[in-house]
1. Name the single residue, out of those in the stretch 66-88 being buried (at least 16 other Cβ atoms within 10 Å of the Cβ) and touching a residue at least 60 places away in the same chain (Cβ under 8 Å), that is nearest to the chain's Cα centre (by Cα).
2. Please tell me if residue 133 is assigned to a loop (DSSP other than H, G, I, E, B), within 18 Å of residue 38 (Cα to Cα) and either more than 14 Å from the ligand (Cβ to nearest atom) or among the aliphatic types (A, V, I, L, M) (or both).
3. Among the residues that make up the stretch 29-38, is at least one of them within 16 Å of the ligand (Cβ to nearest atom) and more than 18 Å from the chain's Cα centre (by Cα)?
4. With the condition kept exactly as written, say whether any residue in the stretch 186-193 is surrounded by 18 or more Cβ atoms within 10 Å (Cβ to Cβ), within 13 Å of the ligand (Cβ to nearest atom) and within 20 Å of residue 83 (Cα to Cα).
5. State yes or no: is residue 54 within 16 Å of the ligand (Cβ to nearest atom), part of a loop (DSSP other than H, G, I, E, B) and farther than 30 Å from residue 235 by Cβ?
6. State which residue is nearest to residue 233 (Cα to Cα) when the search covers only the stretch 17-42 and only residues that are in a loop (DSSP other than H, G, I, E, B) and of a type in the set (Val, Ile, Thr).
7. Suppose we filter the stretch 116-134 for residues that are surrounded by fewer than 16 Cβ atoms within 10 Å (Cβ to Cβ) and farther than 27 Å from residue 25 by Cβ; how many remain?
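Laboratory data are not the source of any read-out in this text; all were calculated from the coordinates shown. Model, not experiment: these values are computed from the prediction. Backbone-built Cβ (ideal geometry, glycine too); neighbour counts: all protein chains shown.
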Amino acid sequence: MTIQVFENEEQVALAGAALIAAELLQDPYTVLGLPTGSTPIGIYRELIRMFENGVISFAEASAFNLDEYIGLEPDHEQSYSYFLHSNFIDHVNFRAENIRLVQGIAVNANEECEQYEQEITDAGGIDLQLLGIGRNGHIGFNEPAAWFEKTTHVVDLAADTIAANSRFFANEDEVPRQAISMGIGTIMDAEKIVLAATGSSKAEAIRAMCKGRIDPACQASILQIHPNVTILLDPAAAALI
Ligand code: GLP
């Protein structure tokens, strides 16, 4: 686990974008795993800027998303599909057929999970998985539990996740109670992982992830045994390590 602490949020975003750009320059056929949340927005903004300046291209790259709420149409403003399209995908040159976003409105969610996992395998796995982290240490929507879930699966969201994510909805009642998430195994199979976190609300999760025992109570703690993980932090998120 390589931990880098930057001066501020903007520097974290530049560093995250630089790691992704380096991957794309090395391998134009890179398979990316893309998260949502407020943390990656700056990284996406910088990647768009690099694309517009001709530094990088996504023409041969492909992407899978990390998670999605169950019950939201892809064009619902709070769906992760909508988020990724409006904050990133639609501003660069991915080919539509190279984008696979897990569907939260699939008729059979469990079948969608199995098929999604298969499609990731068929694509040769994720080359670079970008991650944020929840205040409770979740990655994707892998909530604190007694075990680590291996593959893409249906999740019952934790009460603190519903509360934390309610800031994007009119009220807490509107936050979906379930989601589909890549499993911890899916994430750990990625060749490289880049996790970004900023702000004091993430400091305890970062401490548990970097310094705590590997424990499913902090799902991100398993990243300690991934062979290629880079953690990008601002001083507030790094305050307890
Ligand atoms: C959601 C997502 C996570 C994300 C987390 C933190 O719960 N499922 O993938 O890491 O929020 O979001 P933020 O970056 O807005 O703090």
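1. The residue in question is 66.
2. In short, yes.
3. no
4. no
5. no
6. 39
7. 1
Residues checked against (1) within 27 Å of residue 198 (Cα to Cα); (2) part of a helix (DSSP H, G or I); (3) without any contact (Cβ under 8 Å) to a residue 40 or more places away in the chain:
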| residue | (1), (2), (3) |
| --- | --- |
| 15 | yes, yes, no |
| 64 | yes, no, no |
| 90 | yes, yes, yes |
| 102 | yes, no, no |
